[in-house]
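The structure appears right after this line, and notes come after that.
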Amino acid sequence: FADLAGMAVAEDIPVEGEITVPVGAHGPDEDHSTLDEPVRDTIMRDLKAVGKKFVHVMYPKKSSALLRDWDLWGPLVLCVSLALMLQGGSADSKEDGGPQFAEVFVIIWFGAVVITLNSKLLGGTISFFQSLCVLGYCVLPLTVAMLVCRLVLLAGSGTVSFIVRLIVVVAMFAWSTLASTAFLADSQPPHRKALVVYPIFLFYFVISWMILTFTPQ
Amino acid sequence: RHPLATFFHLFFRVSAIITYLFCDWFSNSFVACFVTILLLLSFDFWSVKNVTGRLLVGLRWWNQIDEDGKSHWVFEAKRVSTTAASTEAEARIFWLGLIICPVIWTVFFFSTLFSLKLKWLALVIAGISLQTANLYGYIHCKLGGQKNISRITSKFFVTADVPKRQTGRISEDRIEEHGKTCIR
């Protein structure tokens with residue numbers, strides 16, 4: 001194209017075509033100076049992003065932070081802490097809760113992947129990792145419920161403690177489902193919303209069931 | 001020039017592999033080993049993706065969601081005009097570490113599968129996916145960077161190029177934008 005560079009465009013020749021200009025941010029940095037930023041800045045920036053997302057889950061308003069800048073650190077931390085708190089509750093404690101730990105892990109991640117595939121097959125506009133991010137972060141209320149349940153079980157395991165645990169788990173389950181539905185259902189066409197919401201309901205139901213039926217040894 | 005970055009590039013990956021192989025020596029608890037290896041793999045993924053890639057070889061890749069909610073994978077390569085001996089050595093260490101470790105985790109996958117120690121399978125699969133993701137991302141960056149040189153020069157002849165541009169190639173357009181700003 002070297003010889004075209006010097007060509008002048010005459011007035012009477014119509015020039016047409018398409019110019020695509022990338023809109024929005026140019027990447028994780030606005031200018032190229034963050035290519036050389038110190039590592040501490042990178043770490044702090046990512047930590048703050050994770051913290052902001054936790055806050056957004058607790059107060060689920062329409063916000064783009066959970067959706068646009070997805071990351072999977074929050075889901076990893078929540079999954080590990082939930083799995084740690086859930087272990088050691090089986091009838092046979094010959095093994096140290098090994099398979100149970102991996103079970104919780106697999107249920108959460110495989111469940112999230114299946115829900116994401118389901119919503120994509122139904123024609124959702126959300127991307128794979130965004131959906132995993134939202135589902136993972138919305139496990140936070142249930143993790144809090146698990147913590148509360150463990151504390152209540154320290155006090156005793158009678159009927160009263162069961163009722164308290166039931167109320168807490170149901171409340172947190174509703175919170176999780178509503179929070180994730182608020183973020184995910186909007187990306188679906190209107191007549192498909194129920195089809196997308198019911199697997200999410202099922203997913204959090206299974207986790208809540210694991211939490212409610214947990215009895216320590 | 002970046003000894004600390006080189007050290008950490010290899011440290012997390014190798015520690016994860018060593019912990020997996022010798023977990024019985026360190027602790028009796030399956031859970032502690034699982035969590036430790038998982039955390040090491042995650043730190044390795046984050047540090048290789050965000051730090052050692054751009055410091056050692058000047059490559060970077062990330063995912064971006066634009067206003068329509070569509071996701072784009074962007075691969076970026078820094079144009080380096082000089083290659084000193086120390087950067088060559090660092091680049092070699094980077095690529096060796098990047099390639100050898102996923103291969104080792106694949107070997108672990110088959111050994112776990114055939115020895116039926118299935119409770120480790122989830123961890124091995126997580127290890128393979130995290131390390132292969134980084135490998136794939138950086139290979140894509142590297143291959144994209146080599147095609148870039150001719151693109152950057154042709155960008156200046158916009159009048160000739162304009163009818164050929166399609167909206168679908170936004171990621172390559174972004175590489176051109178970055179290629180211009182990254183010229184040192």
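Each value in this text was obtained by applying a stated rule to the coordinates, not by laboratory testing. The structure presented is a predicted model; accordingly, all values stated were derived computationally and were not measured. Cβ atoms come from the backbone with ideal geometry, glycine included; neighbour counts cover every protein chain shown.
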### Message
Please list, in order, the residues from the range B:93-120 whose amide nitrogen is less than 18 Å from a point placed 7 Å along the Cα→Cβ vector of residue B:136.
### Response
B:98-107, B:109
### Summary
Using alpha-carbon positions, the gyration tensor of the range B:1-71 gives root eigenvalues a ≥ b ≥ c; with a/c under 1.5 called rounded, otherwise prolate if a/b exceeds b/c, else oblate, the class is oblate
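Could you sort the peptides A:186-199, A:104-117 by per-residue average Cβ neighbour count (10 Å cutoff), highest mean leading? Write out the running numbers ahead of the final one.
On the way: A:186-199: 14.4, A:104-117: 17.9.
My ranking of the peptides, most packed first, is A:104-117, A:186-199.
Ranked from highest to lowest mean number of other Cβ atoms within 10 Å per residue, what is the order of the peptides B:14-20, A:134-140?
Numbers: B:14-20: 18.4, A:134-140: 25.9.
Packing order, densest peptide first, comes out as A:134-140, B:14-20.
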### Query
Lysine pairs, Cα distance under 26 Å, 8 or more residues apart or cross-chain: how many in the range B:1-145?
6
### Task
Whole Å is fine, so just give me how far the alpha carbon centre of the range B:1-40 lies from that of the range A:101-159.
27 Å
### Query
Using the beta-carbon distance between residue A:201 and residue A:39 and R0 = 41 Å, what value does 1/(1 + (r/R0)^6) give for FRET efficiency, to the nearest 0.05?
0.50
### Task
Using only atoms on other chains, find how many Cβ atoms lie within 10 Å of each Cβ of peptide B:23-32 and report the average.
3
### Query
How many nm separate the modelled label positions at residue B:70 and residue B:107, each set 7 Å beyond the Cα in the direction of the Cβ?
4.3 nm
## Note on the structure
Two pseudo-spin positions, 7 Å from Cα along C-beta at residue A:120 and at residue B:89, lie apart in nanometres by 4.3 nm
### Task
Would you tell me the mean number of C-beta atoms belonging to other protein chains that fall within 10 Å of each C-beta in A:128-135, as a whole number?
1
